[in-house]
Amino acid sequence: MSEWVEVCGEDELPVGGWKTVELDDAEVLVVRLEDGFHAVEDVCTHDGGCLAGGDIEGREVVCPRHGARFDLLTGEATAPPAYEPVHVFPVKVEGGRVYVRDDRWG
Ligand code: FES
């Protein structure tokens, strides 16, 4: 199991703000919503585009390339042209810092 990796300070991201971080071999998109921080793999399952920079609407991110939508809490693809989910990574906030962890390999 991999270690927690620091993303940023809690105060550095406003609600609706985002940041990417490299985690092992994955690019991870961390987004702050009203209810806290969420992290998904930054690779659209439609055609591999980055989700970073896409609009955040409610709890969804909109892929900037062709408009697929993903639920940031579940990873589910909620609008075509993507149908497969993106991976959701665990996030924690500790001591005012935000951390993510790669849980893909157990
Ligand atoms: S690459 Fe994301 S919708 Fe096509």
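The values are calculated or read from the model by the stated rules, or taken from the named source; none is laboratory data. Quantities reported herein were computed from a predicted structural model and do not represent experimental measurements. When we count neighbours, we look across all protein chains shown, and the Cβ atoms used for this are built from the backbone with ideal geometry, even at glycine.
Within the stretch 6-16, being in a strand (DSSP E or B) and either among the charged types (D, E, K, R) or modelled with pLDDT under 95 (or both) holds for one residue alone: 6. Limited to the stretch 56-93, what total is found for residues that are more than 14 Å from the chain's Cα centre (by Cα), among the β-branched types (Val, Ile, Thr) and either under 16 Å from residue 31 (Cα atoms) or part of a loop (DSSP other than H, G, I, E, B) (or both)? Going through the stretch 56-93 one residue at a time, the tally reaches 1.
Name the single residue that is farthest from the ligand (Cβ to nearest atom) among those in the stretch 17-33 being assigned to a loop (DSSP other than H, G, I, E, B) and of a type in the set (D, E, K, R). Out of the qualifying residues, it is 24. Every condition in (1) outside any strand (DSSP E or B); (2) in contact with a helix residue (DSSP H, G or I) (Cβ under 9 Å, 6 or more places away or on another chain) holds for residue 37 except the one numbered (1).
Within the set 75, 53, 36, the sole residue that is more than 10 Å from the ligand (Cβ to nearest atom), at pLDDT 95 or above, touching an Asp or Glu at 6+ places or on another chain (Cβ under 9 Å) and of a type outside the set (A, V, I, L, M, F, W, C) turns out to be 75.
Let's see how each residue does on (1) in contact with a Ser or Thr (Cβ under 7 Å, 6 or more places away or on another chain); (2) closer than 11 Å to residue 98 by Cβ; (3) surrounded by fewer than 16 Cβ atoms within 10 Å (Cβ to Cβ):
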site	(1), (2), (3)
19	no, yes, no
36	no, yes, yes
41	no, no, no
44	no, no, no
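Checked against the criterion of being surrounded by 17 or more Cβ atoms within 10 Å (Cβ to Cβ), within 21 Å of residue 6 (Cβ to Cβ) and among the basic types (Lys, Arg), the stretch 64-76 has no qualifying residue.
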